[in-house]
Ligand code: DC
C-alpha cells in the first residue's frame, strides 16, 4: 500500500534532459503515491527504431509519419513499457543508436502531433508522465510540474555507468553524444525541451534519488495534492 494517497485524477509532469534522472525518480514517486507512470520517450524511441528498421530516412518527415501511422494500431503503451504486435520491445529501445534516432524523429512536428492524442488518452485518469514537453505541451494544466536537471558531466557519467558493459563507448563519447542530443532537443522549433513557467526546477547533480523524491513529495503535500495514507 502506498504511503500517500493522491487526489482523484492527479497528473504530474516531469521534464528534463537525458540522464537527469526523470525515469528513476518518476517510478519511485509513482510507487509512493500510487499513480501510474508513463515514459513518453518510449514513443519516440519506438518510432525511431522502427524507422531505422524500415530504412526510412530520418530526415524525411513524410516517411516517418508513415511509420507512426503504421504503428498506432499495433502498440500497447503502459506503465510496464511498450508492446509492438504483442511483443515487449522496451529493452531493445534503450540503446544509444535508438536514442539518437528518437531525438531526430522527435523534432518533426507531424510526428509529435500524432503521438499527442495517445498521451492525452493515457493521462485521462491521472498519472505521472515524464518527457521533454509534458509541462509545456502535453499536460499544460497539470497541477504539479517538475523540471529535473543535472550537469552534463554527471548525466553522462550516469548514462555511461548504465551502458558500460554493452557498448564500447568512452565517457567522452557519451558526453559528446549527450551534448548533441541536448542541443537537438532544446533548439527544435516544435515543443522544444524547456522549463514550463510554472514548473519547479530541481538540480539533481549532487542529490540522491530519495532526496529528489522527498522534495517532490513536499511540494505535492503543501499543494494538498497528496495526503498521508495512515496519518
Ligand atoms: O527520454 P528519452 O531519452 O527516452 O527520450 C528519447 C528522445 O525522445 C529524446 O531525444 C527526446 C525525445 N522526447 C521528446 O522529444 N519528447 C518527449 N516527451 C519525450 C522524449
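Here are a few things to note about the model shown:
- Ellipticity estimate at 222 nm from DSSP helix runs (n ≥ 4, -39,500 (n - 2.57)) divided over the chain, nearest 500: -14500 deg cm²/dmol
- Whole-Å distance, taken between Cα centres, linking region 106-149 and region 199-221: 20 Å
- Of 199, 107, 87, the one that fluctuates the most in a GNM where the chain has Cα springs shorter than 10 Å: 87
- Over region 29-140, relative contact order from alpha-carbon pairs under 8 Å, at least 6 apart, %: 38 percent
- Subtracting the Cα-Cα distance of residue 80 and residue 173 from their residue separation scaled by 0.36 nm leaves 30.5 nm.
- Calculated FRET efficiency for the pair residue 198/residue 72, C-beta based, R₀ 30 Å, to 0.05: 0.45
- Angle between the chain longest axis and helix 41-53 axis [Cα atoms, degrees, rounded to 10]: 10 degrees
- Counting only DSSP beta bridges with both residues in the chain, the antiparallel share comes to about 35 percent.
- Evaluating kT/(6 pi eta Rh) at 4 °C and 1.567 mPa s, with the Kirkwood radius of region 1-47 over Cα pairs in the Stokes-Einstein relation, gives 110 µm² s⁻¹.
- Peptides 140-146, 173-179, 73-79 ranked from most to least packed give 140-146, 173-179, 73-79, packing being the mean of other C-beta atoms within 10 angstrom over each peptide's residues.
- R0 of 25 Å, Cβ-Cβ distance residue 63-residue 95: FRET efficiency to nearest 0.05: 0.70
- Whole-number percent relative contact order across the chain, with pairs defined as alpha carbons under 8 Å at least 6 apart: 34 percent
- With Cα atoms, 0 to 90° folded angle of helix 209-222 axis to the chain main axis: 60 degrees
- Rg over Rh for the chain works out to 0.96, both radii taken from alpha-carbon positions and Rh defined as the Kirkwood radius.
- On Cα atoms only, tilt of 96-105 relative to the major axis of the chain in degrees: 90 degrees
Every number here is computed from the coordinates shown, using simple stated rules; none is lab data. A quick note: this is a predicted structure, and the numbers were derived from the prediction, not measured. We place every Cβ from the backbone using ideal geometry, glycine too, and count neighbours over all the protein chains shown.
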